[in-house]
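Okay, structure first, notes after.
What follows draws every value from the coordinates through simple rules; no lab data is involved. Just so it is clear, the model here is predicted, and its values are computed rather than measured. Glycine also receives a Cβ, built like all others from the backbone with ideal geometry; neighbour counts cover every protein chain displayed.
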Amino acid sequence: MKCKTCGKKYHYCYSCGYDRYLSEGYCDKNCYEKSKEFNQMKQLADNFFNMLNSEQQEFLKQLWNNDVFFSENFEEYLDKLLSD
């Protein structure tokens, strides 16, 4: 594959492992963080967080720091919750 940011050729396949930035077309984390898609998502996250009051921000931080929040079973629950 060829990196979308710097143009460097790199090898990527699921057999060698999985890194999100590699599968998205970036040779490393630095190139991924320079990408338009990463920065758009970062801006959305910043906007969302800044819309919350301090109590809501603290609640979000508690969720974020809880391992259960990122478990596969809980991901299914969040998908269902957010799709309503």
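Scan region 28-80 for residues that are within 30 Å of Y10 (Cα to Cα) and of a type in the set (G, A, S) and the total you get is 2. Within region 38-67, residues that are closer than 30 Å to S23 by Cα have Cβ atoms under 6 Å from residues that are in a helix (DSSP H, G or I) in these pairs: F38/Y32; L63/F69, counting only partners at least 6 apart in sequence or on another chain. Selection of helices (runs of 4 or more DSSP H) fully inside the chain by the criterion of at least 2 residues being more than 15 Å from the chain's Cα centre (by Cα) returns 36-51, 54-64, 72-83.
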